[in-house]
1. Which of (1) open to solvent by less than 70 Å² (accessible area, probe 1.4 Å); (2) in contact with a helix residue (DSSP H, G or I) (Cβ under 8 Å, 6 or more places away or on another chain) is the odd one out, the single condition A:LYS147 does not satisfy?
2. Return yes or no: is A:ALA63 open to solvent by less than 20 Å² (accessible area, probe 1.4 Å) and part of a helix (DSSP H, G or I)?
3. In segment A:74-86, which residues are open to solvent by 40 Å² or more (accessible area, probe 1.4 Å) and either in contact with a Gly (Cβ under 6 Å, 6 or more places away or on another chain) or facing chain B (nearest Cβ under 9 Å) (or both)?
4. Among (1) in contact with an Asp or Glu (Cβ under 9 Å, 6 or more places away or on another chain); (2) more than 30 Å from A:THR53 (Cβ to Cβ); (3) part of a helix (DSSP H, G or I), where does A:ALA108 come up short?
5. In segment A:23-35, how many residues are more than 8 Å from chain B (Cβ to nearest Cβ) and in a helix (DSSP H, G or I)?
6. Any idea which of (1) surrounded by fewer than 19 Cβ atoms within 10 Å (Cβ to Cβ); (2) touching a residue at least 12 places away in the same chain (Cβ under 8 Å); (3) closer than 26 Å to A:TYR36 by Cβ is the one B:THR115 doesn't satisfy?
7. Out of everything in segment B:50-72 that is of a type outside the set (Gly, Ala, Ser) and within 7 Å of chain A (Cβ to nearest Cβ), what residue ends up being farthest from the chain's Cα centre (by Cα)?
8. Do you know which of the residues in segment B:87-99 that are of a type in the set (Lys, Arg) and under 16 Å from B:LYS33 (Cβ atoms) is nearest to the other protein chains (Cβ to nearest Cβ)?
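The values are calculated or read from the model by the stated rules, or taken from the named source; none is laboratory data. No experiment lies behind these values; they were computed from the predicted model shown. Quick reminder, even Gly has a Cβ in these numbers, built from the backbone with ideal geometry, and neighbours come from all protein chains shown. Just the protein is used for accessible areas: all its heavy atoms, side chains included, with ligands, DNA and RNA removed. Shrake-Rupley method; radii C 1.70, N 1.55, O 1.52, S 1.80 Å.
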Number of protein chains: 2
Amino acid sequence: MKKFVTTLVLAGLAGSVMAQQALKPEEMIKYRKAGYNFMAWNMGKIKANLEGTYNKDQVVAAANVIAATANSGMGALFGPGTDKEVGGQTTRVKPEFFKEPDKVKELAMAYIKETNELQKVAATGDAAAVKVQFGKTGESCKACHDKFRKD
Amino acid sequence: MKKFVTTLVLAGLAGSVMAQQALKPEEMIKYRKAGYNFMAWNMGKIKANLEGTYNKDQVVAAANVIAATANSGMGALFGPGTDKEVGGQTTRVKPEFFKEPDKVKELAMAYIKETNELQKVAATGDAAAVKVQFGKTGESCKACHDKFRKD
């Protein structure tokens with residue numbers, strides 16, 4: 001029984017480690033770009049709602065994507081070897097990103113906070129409040145782009 | 001006053017229409033591929049949790065992304081001109097996708113239902129129930145891939 005349990009535990013740990021390490025650097029870059037791109041589409045939808053006809057359901061759905069993406073643990077997609085183009089996957093991340101983990105964490109936490117708040121405000125259907133919070137969310141994106149993204 | 005309101009309404013409608021039509025076909029393809037790719041990463045995380053050490057928070061976060069993505073109105077990203085490669089953006093969608101809207105809707109509704117249920121079950125932390133629902137979700141993805149995706 002003990003051996004059986006030990007085997008399960010080891011298998012579990014192995015699975016966990018594998019889950020983290022099974023991705024090639026180019027796959028990490030591909031997935032993180034996918035996350036940012038899909039978020040961009042959803043940010044664009046909220047912007048269009050604020051500038052055009054406001055549809056609460058569409059804004060809620062978009063804010064849900066943005067918050068869920070921010071909370072998905074994308075830090076795992078910035079592993080070793082993902083600091084430059086690899087396997088045909090280009091990246092705009094600056095080398096500084098990998099040298100200033102505390103600053104990265106600070107910006108990431110601020111961004112998560114703003115997207116969570118955007119999700120909350122979107123659910124109220126208050127377009128004016130969404131506009132304010134959308135601005136703050138965009139600023140939290142831009143803060144990281146300005147510091148850690150090329151061009 | 002009437003003219004002012006009319007102008008606002010027209011501006012609103014114009015903004016709304018622009019929001020739907022501002023995307024080029026290659027942008028629609030890029031965004032929908034981003035959504036599917038980011039979902040694939042999150043499906044992979046749940047699979048790794050089920051096969052390895054189960055971390056409730058990670059599974060909840062991943063299920064939130066999957067459900068939010070499914071509910072984001074991706075149908076808008078299958079507009080005219082997105083049935084084949086355009087602007088350097090390849091696509092695996094089959095021509096049949098654009099000819100069988102009722103079947104597309106049926107598969108999309110089933111997939112949304114399963115992802116919503118996955119999100120609900122993940123929140124309970126019941127790994128065995130998540131495993132069952134993860135299987136159903138995967139089947140709902142596969143049903144569309146088998147019918148409307150090349151290879």
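1. The one condition A:LYS147 does not meet is (1).
2. Working: open to solvent by less than 20 Å² (accessible area, probe 1.4 Å): yes; part of a helix (DSSP H, G or I): yes.
Yes, satisfied.
3. The one that is open to solvent by 40 Å² or more (accessible area, probe 1.4 Å) and either in contact with a Gly (Cβ under 6 Å, 6 or more places away or on another chain) or facing chain B (nearest Cβ under 9 Å) (or both): A:ALA76.
4. Failed condition: (1).
5. Going through segment A:23-35, the residues more than 8 Å from chain B (Cβ to nearest Cβ) turn out to be A:23-29, A:32.
Still in the running and in a helix (DSSP H, G or I): A:25-29, A:32.
Total meeting the criteria: 6.
6. (1)
7. If we filter segment B:50-72 for residues that are of a type outside the set (Gly, Ala, Ser), which is where we start, we get B:50-51, B:53-60, B:64-66, B:69, B:71.
If we keep only those that are within 7 Å of chain A (Cβ to nearest Cβ) too, we end up with B:51, B:53, B:58, B:64-65, B:69, B:71.
Values: B:GLU51: 25, B:THR53: 28, B:GLN58: 20, B:ASN64: 12, B:VAL65: 10, B:THR69: 5, B:ASN71: 7 Å.
For segment B:50-72, the residue satisfying everything is B:THR53.
8. Initially, segment B:87-99 is screened for residues of a type in the set (Lys, Arg), giving B:92, B:94, B:99.
Pick out the ones that are also under 16 Å from B:LYS33 (Cβ atoms) and you get B:92, B:94.
Details: B:ARG92: 15, B:LYS94: 22 Å.
So, considering only residues that are of a type in the set (Lys, Arg) and under 16 Å from B:LYS33 (Cβ atoms), the one nearest to the other protein chains (Cβ to nearest Cβ) is B:ARG92.
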